[in-house]
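Here's the structure we're looking at; comments come further down.
The values are calculated or read from the model by the stated rules, or taken from the named source; none is laboratory data. Remember, predicted model here, so these are calculated numbers, not experimental data. All Cβ positions, even for glycine, are placed from backbone atoms using ideal geometry, and neighbour counts span all protein chains on display. Keep in mind that these areas ignore ligands, DNA and RNA; they rest on the heavy atoms of the full protein, side chains included. Shrake-Rupley method; radii C 1.70, N 1.55, O 1.52, S 1.80 Å.
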Amino acid sequence: MTPGSPRPGGPPRPAALALADGTVYRGTAFGARAVREGEVVFNTSMTGYQEIVTDPSYAGQIVCMTYTQIGNVGTNPEDAESERPFLSGFVVKELFTQPSSWRSDVPLDRYLEDAGIPGIAGLDTRALVRHIRDAGAQVGVLSTDPELQESAALVERARRAPGLDGRDLVAEVTCREPYRWERGRWQGIAGQLPRAERPSDPLRVVAYDFGVKRSILRRLVEQGFDVTVVPATTSAAEALALEPHGIFLSNGPGDPAGVRGVQENVRELVRTKPVFGICLGHQILGLALGGSTRKLKFGHHGGNQPGQDLATGKVAICAENHGYAVDAESLRSAGEPVDITHVNLNDGTVEGLAHRTRPLFSVQYHPEASPGPHDAAYFFDRFRRLVERHAAGEAVTGVEIAKGA
């Protein structure tokens, strides 16, 4: 079957993607028959579409892939980053409906259909990406319902739909009850290089679920942590009652300033515990330390962002997925002794923070890199050393760890 062809047994189904500025793109429908709203963004990763589809950080967004051939390896349970897809819609150039991979379990078309997520294929994704890059991210409506294809009606619906600013999307993706996570990284196949042994001394970590990816939890387990995942609404007192050695703040979707009640909890937790934040967790830590965040024009989504470690000067190619950034000047004027440890070389945005007197640090990009390069995986080792030293009674700081001490 050729790429982009309809599923067997029927003609192509029409689909339309309408943006709030009046631009309309048309193509072929796949996935669920639905009409969904969301902020339209693009992802530059060449692999890992299933991990992108199942990343809870994409809640409230319609994702366009810049790589052309999507669906060619199908989907499988091992590569899912959460229990189900949370994004609003999926946009591709060429859809493969018959995957070619020994690991494939369900084709992408059926996977999205079962999850109630609409997709559109066959449109000019390069034109869409250029438009978003020039005009900025904006709300769109994706319709795969043959009876709802009229351009003016879809554009009007996009204009009425809410954006991401001020919305608490974390409430839609966080877990409802605490749970233990014990699985490490996928072991792969026989003949691969052996992995390092896990540390034998287990240290307890409470992981706040703002939309956490399973690959991040797997990495924490590989560092010898005993991980308890808790809902985003968990109070500081409830988290401390679990007697953790450290606190982890996860990735997640949307506007960090819109997440209700979390900043207060983090302000209390940082008084006594080591804290490590990734992506949304990094932004929430920045807010808790007195900073502010701002919306980016079209965000950073993909596996090829250049992040520089200011302590070493080294540049890592990073996996990122965020539409907001911590404002550097707000941190400087907040009064907390916080250092900016990493920056994005494309636009100079803050990519990492560390505290000069407390055991706190964070990173904007995704060190678990699923999908993406593993240049930044050392952050999990840094968190392990931070927690170990704090548990041993040392007065360790985030800046010490950020400098490799």
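For the stretch 347-388, name all the residues that are basic (Lys, Arg) and touching a helix residue (DSSP H, G or I) at 6+ places or on another chain (Cβ under 8 Å).
Passing the criteria: Arg356, Arg358, Arg382, Arg385.
When you check Leu285 against the structure, is it hydrophobic (A, V, I, L, M, F, W, C) and in a helix (DSSP H, G or I), yes or no?
When the stated conditions are applied, Leu285 passes them.
Please go through the stretch 259-282 and pick out each residue that is part of a helix (DSSP H, G or I) and out of contact with any Gly (no Cβ under 6 Å at 6 or more places or on another chain).
Val262, Gln263, Glu264, Asn265, Val266, Arg267, Glu268, Leu269, Gly281, His282
Give the residues of the stretch 81-119 that are closer than 17 Å to Glu37 by Cα, among the β-branched types (Val, Ile, Thr) and out of contact with any Cys (no Cβ under 9 Å at 6 or more places or on another chain), sorted by residue number.
The one that is closer than 17 Å to Glu37 by Cα, among the β-branched types (Val, Ile, Thr) and out of contact with any Cys (no Cβ under 9 Å at 6 or more places or on another chain): Ile117.
Can you name every residue in the stretch 217-268 that is among the aliphatic types (A, V, I, L, M) and more than 16 Å from Leu203 (Cβ to Cβ)? Before you say what the answer is, go through the steps one by one.
Just the residues of the stretch 217-268 that are among the aliphatic types (A, V, I, L, M), to begin with: 217, 220-221, 227, 229-230, 232, 236-237, 239-242, 247, 249, 257, 259, 262, 266.
Hits for the stretch 217-268 are Val230, Ala232, Ala236, Ala237, Ala241, Leu249, Ala257, Val259, Val262, Val266.
Output the residue which, of all residues in the stretch 201-214 that are surrounded by fewer than 24 Cβ atoms within 10 Å (Cβ to Cβ), at pLDDT 95 or above and not hydrophobic (A, V, I, L, M, F, W, C), is nearest to Asn265 (Cα to Cα).
Looking at residues that are surrounded by fewer than 24 Cβ atoms within 10 Å (Cβ to Cβ), at pLDDT 95 or above and not hydrophobic (A, V, I, L, M, F, W, C), I get Arg204.
Test Ala241 against the stated conditions and say whether it is free of Cβ contacts under 8 Å to residues at least 24 places away in the same chain and surrounded by fewer than 21 Cβ atoms within 10 Å (Cβ to Cβ).
yes
Kindly provide the set of residues from the stretch 301-348 that are touching a residue at least 40 places away in the same chain (Cβ under 8 Å), more than 24 Å from the chain's Cα centre (by Cα) and farther than 26 Å from Arg271 by Cα, ordered by number.
Residue satisfying the conditions is Thr312 alone.
Quickly run through the stretch 259-273 and pick out the residues that are touching a helix residue (DSSP H, G or I) at 6+ places or on another chain (Cβ under 6 Å) and open to solvent by 50 Å² or more (accessible area, probe 1.4 Å).
We begin by selecting, within the stretch 259-273, every residue touching a helix residue (DSSP H, G or I) at 6+ places or on another chain (Cβ under 6 Å); these are 259, 262-263, 265-269.
Listed by number, the residues that qualify are Arg267, Glu268.
Condition first: closer than 20 Å to Gly393 by Cα, in contact with a Leu (Cβ under 9 Å, 6 or more places away or on another chain), open to solvent by 40 Å² or more (accessible area, probe 1.4 Å) and part of a strand (DSSP E or B). Can you find one or more residues in the stretch 247-258 that meet it?
Scanning the stretch 247-258, I find no residue that is closer than 20 Å to Gly393 by Cα, in contact with a Leu (Cβ under 9 Å, 6 or more places away or on another chain), open to solvent by 40 Å² or more (accessible area, probe 1.4 Å) and part of a strand (DSSP E or B), so the answer is no.
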